[in-house]
Amino acid sequence: MSLRGSVAGQSPRGMEAFLKITCGIDWAENHHDVALVDDTGKLVAKRRISDDAQGYSRLLELFADAGDGTDEPIPVAVETARGLLIACLRATGRKVYSINPMAVARYRERHTVARAKSDHADAVALANILRTDARAHRPLPADSELVQAIAVLARAQQDAVWMRGQLSNQLRSHLKQYFPAALAAFQVRGVGLDSREARAVLAVAPDPAAAAKLSAARLGSVLRKAGRQRNIEAWAGRLRTIFTGDYLRQLPVVEQAMGCQARALVLQLDAACRAADDLAEAAAAAFAEHPDAAILTSFPGIGPVTGARVLGEIGDDRARFSDARGLKSYAGSAPITIASGKSRVVRHRKVKNQRLAAAGYVWIFGALPTPGIKEHYDRRRAAGDRHAAAMRNLFNRLLGCLHHCLHHCLQTGQTFDLDKAFPPPTGQHEPVAA
């Protein structure tokens, strides 16, 4: 790296270090604009490449002509973190920075007040961001191939679970309009509209008229095919009683049409449920192969699926988070302080990794019955925290333990120790955090 000339009376030590050559890529669906600038901001090369293997080869040729080497590969700034081009660039070992498009827009305003915008100008702006402020941005982590695969499976499974919830709510809202008996039939603890029993019954009886015609024997057969093994006769009798009861009804033709719509929703819900189950098995199997799995599953509340979600989001690049505070901020569990003049407000973070935060809530909810953790939660509530704040505090504390375990316990073979993480109280209340 080279240094800018020092100002008179000021030594180069402590001044900003500038990279020799930096690259900016303005990503598009079919093509990409590439710009290379030197440490003075001068444009060295520019080119538009296609989004295919030929375009990637031209990009590597452009790097080679600019002096790209294995010891210090040219870093790249781009506004996305996904795609084949980004995956291939990361595989070469070079640093790839994913810059937020809003930050790029602010950088663009440093050079012009006009609102003119072009792909080439954005590529130059991205290259200059690395030239001047590389330290203010974080490169994409150097995660292993296995943890990248775990992230793909865990995110897909999480999306399937969210889709399952959305479709279940849509089906519930739709059934309420014409088939209240179906809601009464499956308002049982542990058995909802997304259960195998409900999906199987609604598939053969999507409207009140069809449901009333089902005999107890037919209902029992449907339940067996759905996989139910216990209390089949009792369930069949109960469903038969509910479906033949008195409820408000729509007009016959309208009811039949709404039943067709319900059947379509059931098919979508069934696909989402099957996808969530299949992806959960695949994510758990991949997670079990990772060496960090033993550390993660030693924490209370973390099973194979939750562990895959957490590991997929934090990765296994040990240099990604220099301390536990960085991990906590990334997960959104650490509070943020807004201070201006005499005003000082402490709030929870809204800008965070939403997937990791969602996985953290599932993690803490599963760990809450554990002795020690429950006592800590009760102390936070007694000190004035609301439920969400107390859960975030637990998540924040366990993330600190996880960071310590992943950086220190792997070498010694130790796992999470509940007594050390949550020692008996000394009689003093902890300070309340927002």
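Laid out as a table, the results:
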read-out	value
Calculated log10 I(q)/I(0) by the Debye sum over Cα atoms at q = 0.06, 0.07, 0.12 Å⁻¹ (choose from (1) -0.28, -0.38, -0.96; (2) -0.40, -0.54, -1.13; (3) -0.51, -0.59, -0.98), label	(2)
17 Å tail of the calculated P(r), the stretch 258-369, as % of Cα pairs	67 percent
Rounded tilt (10° steps) of 354-367 against the dominant C-alpha axis of the chain	50 degrees
Kirkwood estimate for the stretch 221-273, i.e. one over the average of 1/r between Cα atoms, Å	13.4 Å
Simple spin-label estimate for LYS20 and ARG58 in nanometres, 7 Å along Cα-Cβ	2.6 nm
The chain - share of DSSP beta bridges that are antiparallel (%, nearest 5)	80 percent
Estimated FRET transfer efficiency (ALA285, VAL204; beta-carbon r; R0 30 Å; 0.05)	0.35
FRET efficiency, 1/(1 + (r/R0)^6) with R0 25 Å, evaluated for ALA319 and GLN268 via beta carbons	0.05
Those residues of the stretch 128-145 whose amide nitrogen sits under 16 Å from the label point placed on THR92, 7 Å along Cα→Cβ	140
Gained length - SER215 relative to ALA358, 0.36 nm times residue gap less alpha-carbon distance	47.2 nm
Simple spin-label estimate for ARG48 and THR244 in nanometres, 7 Å along Cα-Cβ	7.3 nm
Zone of GLU72's modelled label, taken as backbone nitrogen in the stretch 120-145 under 17 Å from a point 7 Å along Cα→Cβ	130-135
When each of LYS95/LYS420; LYS20/LYS328; LYS176/LYS352; LYS42/LYS95; LYS350/LYS374 is checked by Cα-Cα distance, pairs over 31 Å	LYS95/LYS420; LYS20/LYS328; LYS176/LYS352
Computed over the stretch 147-232, Kirkwood Rh from alpha-carbon pairs, angstrom	14.5 Å
Förster radius 25 Å - calculated FRET efficiency between ARG115 and LYS342 (Cβ-Cβ, nearest 0.05)	0.10
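The numbers here are math on the coordinates, done by the rules we state, and not lab data. None of the values given here were measured: they were computed from a predicted structure. Using ideal geometry, Cβ is built from the backbone for each residue, glycine included, and neighbour counts are taken over all protein chains shown.
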